[in-house]
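Encoded as structure tokens, here's the structure I'll be asking about.
The values are calculated or read from the model by the stated rules, or taken from the named source; none is laboratory data. Quick caveat: nothing in here was measured; it's all calculated off a predicted structure. Note: ideal-geometry Cβ built from the backbone for every residue, glycine included; neighbour counts use all protein chains shown.
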Amino acid sequence: MRFAATGSSVVGPAHQQDNRPNQDAVLVQGMRKGWCVAVCDGLGSRQLSHKGSQLAANLIRSTIRCLGADDFSAKAISLRLQKDWLDALNQCPSPYETTSLWASVDDYGQVKGGQVGDGLLLVRSAGRFVVVTPEHSGFGNQTQTLSQAKLSDWSFVETTLSQVGDGVLLMTDGISDDLIPEQLEPFFDAVYRQLKRTNKRRCKAWLNQELAEWSTPLHGDDKSIAGIFRTE
Amino acid sequence: MSKLKQFQIQSARPLPIIVLADTSASMSTDGKIEALNKALKEMINTFASESRLRAELQVSVITFGGVASVHLPLIAAHQIESFEPLPATGGTPMGSAFQLAAGMIEDQELIPSRAYKPVVVLVSDGHPTDDTKPSFEALMNGERSSKATRFAMGIGSDAELSLLGDFANDLEAPVFKAENARDIHRFFKAVTMSVTTRSRSTTPNQSTPLELPSVSDSESNDEFEELDF
């Protein structure tokens, strides 16, 4: 059983144009017994959201390390992340608002993950592809945030990567809003195949290029993606 | 060659602008309907020619004069080849127009969830002649329609300002009162500015308040008659 992880984040054309920083943050981290990944999308309207998203990504790593993904549920890890993020900001999160999507896979292929806010959390387990993110009926860029989220605003996943080709893939809405809904599984496959035939570093370079050359007309958002796949 | 391009939507995110235009018979007096037609045409032309946008501006015009109907179905501004002038006739079935607008916004086939939140503009010079309550509440409280940005303009002294005031949800720009043709033009110029500012920004989903141009900035003096409504 072998797992590989990859991730990438690029500044969107709108922020390039305004000389603003990437408000997304991405985490791809090897852990003692597996991997954890995260993508967090700082709200464009908030001054320090790039720091808020980075803080959230960093805290996911420390929260999983502290609690131990083996012993705690996706829900417990998500709620602890939310609490730690708010505590780190002295309960004054307004300028730092961000979404948060995270996932971890241990060396037995046990997946845990959570999402609050926009973006997409995709999982394939035992060969079965599932969109964990609930369908949203509102409009683009209207999102729930890490600080405001109630328990019911979270989506959780706990499953097993039991087959080669299984995996978990996270992305911010700069990507997910521009994907053809019927093409999510082929998109998932394309990322998996690229990672399987290269390595983490080369796959990241490939993703960087793909995201930098995004083809949806007038797209502007920052774009971040991260995933863990079972490759053997 | 990109391997991921084939999974990407090849159309820009829409930003819908829905105009609810009173075309009742009273609009035919004092040059109101002519001013409205001219202002709408200019707004559409500006949207069509805008570059540097982060969204595709789409426009629909719903009229309510005698009956409520979709005069211009939701379409990208740059695809509008000509705008048929609105005639003014009949009563003021504003409630039916609210119903059409609510149905349009709730329709995810027409306005997908990747769209930026719509802008709804209500323009009227009189009192509704149908029951507005149920459709007004549907528009105000609908799952999607409640999120729209709403601007309102009352034309002349007979406009139902309290209803228009309840409709508008821009705290910095409550219902605008047009006293002459030039004011109609100023209002639509402000709507145009608000929308284009939004669509150029890094956060196109955030409403931009209406900022009315001063009378001297809005148009050359001989463009509109000074006749008050």
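Name the residues in region B:126-145 that are over 18 Å from the mean Cα position of the chain (by Cα), within 14 Å of chain A (Cβ to nearest Cβ) and among the charged types (D, E, K, R), would you?
B:Glu143
Residue under question is A:Gly52, and the condition is that it be surrounded by 14 or more Cβ atoms within 10 Å (Cβ to Cβ), of a type outside the set (D, E, K, R), part of a helix (DSSP H, G or I) and more than 14 Å from every other protein chain (Cβ to nearest Cβ); does it hold?
Working: surrounded by 14 or more Cβ atoms within 10 Å (Cβ to Cβ): yes; of a type outside the set (D, E, K, R): yes; part of a helix (DSSP H, G or I): yes; more than 14 Å from every other protein chain (Cβ to nearest Cβ): yes.
For A:Gly52, the condition - surrounded by 14 or more Cβ atoms within 10 Å (Cβ to Cβ), of a type outside the set (D, E, K, R), part of a helix (DSSP H, G or I) and more than 14 Å from every other protein chain (Cβ to nearest Cβ) - is met.
So, of the residues in region A:121-174 that are within 14 Å of another protein chain (Cβ to nearest Cβ) and charged (D, E, K, R), which turns out to be nearest to A:Thr6 (Cα to Cα)?
Step by step, filter region A:121-174, then rank; the result is A:Asp173.
OK, next. If I filter region B:40-78 down to residues being away from chain A (no Cβ under 14 Å) and farther than 25 Å from B:Gln99 by Cβ, which single residue comes out as surrounded by the fewest Cβ atoms within 10 Å (Cβ to Cβ)?
Among them, the one singled out is B:Ser49.
For residues that are away from chain A (no Cβ under 14 Å) and either without any contact (Cβ under 8 Å) to a residue 24 or more places away in the chain or in contact with a Leu (Cβ under 9 Å, 6 or more places away or on another chain) (or both), tally how many sit in region B:7-28. Talk me through it step by step, then tell me what you get.
We begin by selecting, within region B:7-28, every residue away from chain A (no Cβ under 14 Å); these are B:19-28.
If we keep only those that are either without any contact (Cβ under 8 Å) to a residue 24 or more places away in the chain or in contact with a Leu (Cβ under 9 Å, 6 or more places away or on another chain) (or both) as well, we get B:19-23, B:27.
Count: 6.
OK, next. Here are some conditions: (1) farther than 20 Å from A:Ala103 by Cβ; (2) assigned to a helix (DSSP H, G or I). A:Ala190 meets all but one. Which one does it not meet?
Unmet condition: (1).
Here's a follow-up. Based on what the data block shows, is B:Ile33 part of a strand (DSSP E or B) and under 23 Å from B:Val123 (Cα atoms)? Can you show your working first?
Details: part of a strand (DSSP E or B): no; under 23 Å from B:Val123 (Cα atoms): yes.
Spelling it out, it is not the case that B:Ile33 is part of a strand (DSSP E or B) and under 23 Å from B:Val123 (Cα atoms).
This table checks each residue for (1) of a type in the set (Ser, Thr, Tyr); (2) within 20 Å of A:Ser9 (Cα to Cα).
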site: A:Ser125; (1), (2): yes, no
site: A:Val132; (1), (2): no, no
site: A:Glu135; (1), (2): no, no
site: A:Ala149; (1), (2): no, no
site: A:Leu161; (1), (2): no, no
site: A:Thr172; (1), (2): yes, yes
site: A:Arg201; (1), (2): no, yes
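Name every residue in region B:88-110 that is over 16 Å from the mean Cα position of the chain (by Cα) and within 14 Å of another protein chain (Cβ to nearest Cβ), in order of residue number.
B:Glu106, B:Asp107, B:Gln108, B:Glu109, B:Leu110
Applying the selection to region A:76-98, what residues are farther than 15 Å from A:Asn58 by Cβ and in contact with a strand residue (DSSP E or B) (Cβ under 6 Å, 6 or more places away or on another chain)?
Selection gives A:Ser78 alone.
Assess whether A:Gly7 counts as being touching a helix residue (DSSP H, G or I) at 6+ places or on another chain (Cβ under 7 Å), at pLDDT 95 or above and part of a strand (DSSP E or B).
Details: touching a helix residue (DSSP H, G or I) at 6+ places or on another chain (Cβ under 7 Å): yes; at pLDDT 95 or above: yes; part of a strand (DSSP E or B): yes.
Considered against the rule, which asks whether it is touching a helix residue (DSSP H, G or I) at 6+ places or on another chain (Cβ under 7 Å), at pLDDT 95 or above and part of a strand (DSSP E or B), A:Gly7 comes out as yes.
Of B:Asp107, B:Asp125, which residue is surrounded by fewer than 23 Cβ atoms within 10 Å (Cβ to Cβ) and not small (Gly, Ala, Ser)? Break it down into steps so the answer makes sense when it comes.
Details: B:Asp125 fails: surrounded by fewer than 23 Cβ atoms within 10 Å (Cβ to Cβ).
None of the others qualify; the one that does is B:Asp107.
Got a sec? Which strands (runs of 3 or more DSSP E) wholly within region A:117-164 have at least 1 residues that are within 20 Å of A:Ala76 (Cβ to Cβ)? Reasoning before the result, please.
On the way: elements: A:120-125, A:128-131, A:155-160.
It comes to A:120-125, A:155-160.
Test B:Ala159 against the criterion of being buried (at least 18 other Cβ atoms within 10 Å of the Cβ), part of a helix (DSSP H, G or I) and small (Gly, Ala, Ser), and give yes or no.
Values: buried (at least 18 other Cβ atoms within 10 Å of the Cβ): yes; part of a helix (DSSP H, G or I): no; small (Gly, Ala, Ser): yes.
No: the conditions fail for B:Ala159.
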